[in-house]
Amino acid sequence: MGALEGLQPERVFHFFEEISRIPHGSGNTGAVSDYLKAFAEKRSLFCRQDELGNIIVIREASPDREKEEPYILQAHMDMVAVSAPDAQIDMKTEPLRLKAEGGRIYAEGTSLGGDDGIGVAYCLALLDAQTLSLPRLEVILTVDEETGMEGATGIDLSMLRGRRMINLDQEEEGVFITSCAGGARVDVEIPLTAGKAEPGMTKLTLKVSGLLGGHSGMEIDKGRGNANWLLSMFLVGVSLRYDVRLLRMKGGQADNAIPKEAEADVLIREADRAGIMAYLEEEERKMAESLNLKETDPGFQLTKLFHNRTVSELCYTRESTANALACIAQLPNGVVAMSEDVEGLVETSLNLGVLSLHDDRVCLQYAVRSSVNQAKENLCRHMRQIPERRGALVTVRNAYPGWAYRKDSPLREQMVRVYEEMYGKKPVLEAIHAGLECGILAGKLPGLDCVSIGPDLQNVHTAEESMDIESVGRVWTYLLKVLE
C-alpha cells in the first residue's frame, strides 16, 4: 500500500508516488527519464527521448476537438536532492520516504521533490486519462532544470505545433507567474598551498547551524542567513587577527538552495585560544544583531570546539588560507539590487550555495539571478574579476535568459477568466526572481504564450519541504477546466 493511496486526485498522487520511488536529483535523471518513456510507449503515445534525457510526449486530440489549437504542458523531472544532517539515506540510490500528515505531504529527512514532481504528475495524469475530451496535448518534460536548465537549453522543439504553454513549476496556488529572472552558475576555485603545523598549534572546529535555508530565488528577499557566508565571515575575521590555517571546509548541498549549515576545521596557536574565543563570541553577538538573525533565523548558533591537544598534521599555509578567506569576503552574497519597476521584487541576487575544500582548492558554487540581462552579465563579470586577481579559476556556466512579460496574452486572459468564474476573485499576476524554463523555450518557439501555475509548496529545496494535499486537488480541477 502506497503512502499516498486514497488521496484525491487519485491518479495525480499515484504518479507522484511512482516518480518518488525513482531517485531523480539533478544529474541523476536517467532512470526517471526511462520510466517516462516506458509510460508513453505503454499507452501507444508518441514519445521522443533525446540524448540529454528530455522527454516529449504527444497525445492527439479527442475526435471532437481536432480543430483546436494544441496546448503545451511543461514541467521538469529533476529535483534538488537535499537531506537533513542526521538522515540515513542515499538520495542517489534510494526512494523518497513519503508521508501524508496534517493535510500535507513530505519526505522523511529529505526534500520532497514537489518542485517539480507534482508538475510531472499532472502531465502524466492528463496523458493517462481515457475518458476526458481534450485538445492535442504536447508535453515537455526536461532534465536538470535546477542546475542551470541544461535540458531546456538543449531540447529540440521543432516538432511541436502549439504556441500556448502552461508551465507547471509554480509553488503558490492562485498566483500566476507571467515573467521571471534569468540566471547563471558561477564556480570559483581558489588555490591553497600545502604546509605543516608548527609546535604549539591546536585544532578549532567552527560550525554554523540552526538556519532556515530555503530557495535562493523565492526566499532570497527574506534576509535569511547563509551558513557558508557566515562561516567564512567568522573565519576571515579571525584570520586578520591571528595565525589561522585551513584543514577542512564544507557547507551546502545545492547552489540554488540557501545553505542551513556549514563547518570548518582550522589550526590555531594554543596561545591564541582565549583571544579567539572572546573575538568569536563578540562577533557572533554582533552578526546576529546586525543581520537580524533572531527574527529571520531564531535557531542560529555558532558552535566553537577547541580540541585539547597539540597537533602536528598537514594543513594549508597561513598566507594561502588568508588569501582564500579574503577572496570569499570580497565577493557579494544575497540581494544585490531591487527592481525599480516592481515594488518588492528582487532584481539581482546571488547565493553561495556550496562551499567545499578539496584538491588543494577552496571551491565555491554560486547561483546568480537577475531580471535585467545586463545586470546579470555585470555581476558575472564582477564575480570573475575579484577572484582572478587572487589567482583563482572562475567558470561561468549554464547561463539562461529571463522570461519577459507579454502585454498581449490570450492564454493569460483565458486562464484569469476561468479562475474568476471558479473562485469569484482574480488570481495574482506576478513576476518572480526565481528562474523558469519559459524564457528558453519561448526562444525556440516564436510567439509562445506562457503562464506558470502550481499548488502550494513550502520550504522548497530544503529537508522541510512539504506540499498541500487539498491545493493539489484544486489546481488539478482548475487545470481541467482550462483545458475544457
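Worth pointing out:
- Spacing of the two label points (7 Å from each Cα toward its C-beta) at Glu430 and Arg384, in nm: 3.5
- Sites Thr477 and Lys222, calculated FRET efficiency, Cβ-Cβ separation with R0 35 Å, nearest 0.05: 0.65
- Total charge dipole magnitude, the chain, about the Cα centre, Cβ charges on Lys, Arg, Asp, Glu only, Debye to nearest 20: 920
- Rounded to 10°, Cα long-axis angle of helix 318-330 versus longest principal axis of the chain: 40
- Hypothetical label at Lys92: residues of segment 16-34 whose amide nitrogen lies under 13 Å (7 Å Cα-Cβ projection): 24-29
- FRET efficiency, 1/(1 + (r/R0)^6) with R0 60 Å, evaluated for Lys286 and Met1 via beta carbons: 0.65
- From the coordinates shown, Cα Rg over 2.2 N^0.38 Å corresponds to which of [x] 1.05; [y] 0.91; [z] 3.05: [x]
- Cβ charges +1 (Lys, Arg) and -1 (Asp, Glu), total dipole of segment 104-259, debye: 660
- Dipole orientation for segment 61-219: of the candidates Ala121, Val80, Thr153, Val80 has the Cα lying most toward the positive pole (charges on Cβ; Lys, Arg +1; Asp, Glu -1).
- Arg361 paired with Gln301, simple spin-label distance in nm, labels 7 Å along Cα-to-beta-carbon: 3.6
- What the phi angles of segment 243-260 give under the Karplus curve with 6.51, -1.76 and 1.60, with θ = phi - 60°, is a coupling list of 7, 10, 9, 5, 10, 7, 9, 7, x, x, 10, 8, 5, 9, 10, 5, x, 9 Hz, glycine and proline written as x.
- Considering only the Cα atoms of segment 49-187, their convex hull presents on average a projected area of 11.6 nm².
- Debye log10 I(q)/I(0) at q = 0.14, 0.15, 0.25, 0.26 Å⁻¹ for segment 403-482, Cα point scatterers: -0.60, -0.68, -1.29, -1.31
- Cα lying deepest toward the dipole's positive end in the chain, options Met1, Leu448, Thr131, charges on Cβ: Leu448
- Calculated FRET value between Gln330 and Gln130, using beta carbons and R₀ = 51 Å, to 0.05: 0.25
- Between segment 77-148 and segment 351-420, the alpha-carbon center distance in angstrom: 24
- Dipole magnitude for segment 363-463: computed about the Cα centre from +1 point charges on Lys and Arg Cβ and -1 point charges on Asp and Glu Cβ, it is near 540 debye.
- Of all DSSP-defined beta bridges confined to the chain, some 80% are antiparallel rather than parallel.
- Between helix 114-128 and the chain: long-axis angle, C-alpha atoms, 0 to 90°, nearest 10: 20
- Within the shell of other residues whose beta carbon sits under 14 angstrom from the beta carbon of Thr178, the net charge comes to -2, with Lys and Arg scored +1 and Asp and Glu -1.
- The chain: angle of helix 373-389 to the longest principal axis, Cα-based, in degrees nearest 10: 30
Here, each number is a calculation from the coordinates, and none is a lab measurement. Keep in mind that what you see is a predicted model, and the values were worked out from it rather than measured. Positions of Cβ are backbone-derived with ideal geometry, glycine not excepted, and every protein chain shown enters the neighbour counts.
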